[in-house]
1. Going through Leu4, Leu13, Leu24 one at a time, which residue ends up being more than 24 Å from Asn67 (Cα to Cα) and open to solvent by 50 Å² or more (accessible area, probe 1.4 Å)?
2. In the set Ile49, Ile21, Ile44, which member is part of a helix (DSSP H, G or I), free of Cβ contacts under 8 Å to residues at least 24 places away in the same chain and among the β-branched types (Val, Ile, Thr)?
3. Could you tell me which of the residues Arg47, Arg63, Arg52 is in contact with a Pro (Cβ under 8 Å, 6 or more places away or on another chain) and at pLDDT 90 or above?
4. Among the residues of the stretch 27-49, which ones are in contact with a Ser or Thr (Cβ under 7 Å, 6 or more places away or on another chain) and more than 21 Å from Phe66 (Cα to Cα)?
5. Out of the residues in the stretch 32-72 meeting the condition of being open to solvent by 80 Å² or more (accessible area, probe 1.4 Å) and within 9 Å of the chain's Cα centre (by Cα), tell me which one is nearest to Ala17 (Cα to Cα).
6. Take Leu39 and tell me if it is of a type in the set (A, V, I, L, M, F, W, C), under 23 Å from Ile12 (Cα atoms) and either in a helix (DSSP H, G or I) or touching a residue at least 60 places away in the same chain (Cβ under 8 Å) (or both).
7. Which pairs have Cβ atoms under 9 Å, sit 6 or more apart or on different chains, and link a residue in the stretch 1-17 that is farther than 14 Å from Arg52 by Cα to one that is small (Gly, Ala, Ser)?
Amino acid sequence: MTPLTRAWCVLILLSAASTAIAALVSLDAAPTVMGVAILFLAWIKARVILSRYLGLWQAPSWRTGFNWVLGVYCLLLLGLYLVPAATT
């Protein structure tokens, strides 16, 4: 199995996990925790795409930079998601 095929399989599994979590949110099962889990899975999917599909696995310094920027962005999104939940 090629690395791109493995990356595609991982993306399919992560998408299925996100869908399953979203279905649980519709059942009113801890929506804040589920939202954080979905954001975490999206972060992992973005890292897989950057690393394998864009070829950043061949450039470790660029991959590290992109991972930092992506991590900070996801933390910003997490903060924006959690602030309204804390005020209600």
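The values are calculated or read from the model by the stated rules, or taken from the named source; none is laboratory data. Remember, predicted model here, so these are calculated numbers, not experimental data. Methodologically, a virtual Cβ is constructed for each residue, glycine included, from the backbone with ideal geometry; neighbour enumeration extends over all protein chains shown. Note: accessible area is taken over every heavy atom of the protein model, side chains too, but ligands, DNA and RNA are not part of it. Shrake-Rupley method; radii C 1.70, N 1.55, O 1.52, S 1.80 Å.
1. Details: Leu4 fails: more than 24 Å from Asn67 (Cα to Cα); Leu13 fails: more than 24 Å from Asn67 (Cα to Cα).
One residue alone meets the criteria, Leu24.
2. Numbers: Ile49 fails: free of Cβ contacts under 8 Å to residues at least 24 places away in the same chain; Ile44 fails: free of Cβ contacts under 8 Å to residues at least 24 places away in the same chain.
Checking each option against the conditions leaves just Ile21.
3. Working: Arg47 fails: in contact with a Pro (Cβ under 8 Å, 6 or more places away or on another chain); Arg63 fails: in contact with a Pro (Cβ under 8 Å, 6 or more places away or on another chain).
One residue alone meets the criteria, Arg52.
4. none
5. The residue in question is Phe40.
6. Details: of a type in the set (A, V, I, L, M, F, W, C): yes; under 23 Å from Ile12 (Cα atoms): yes; either in a helix (DSSP H, G or I) or touching a residue at least 60 places away in the same chain (Cβ under 8 Å) (or both): yes.
Taking the combined requirement at face value, the residue satisfies it.
7. Leu14/Ala42; Ala17/Ala37
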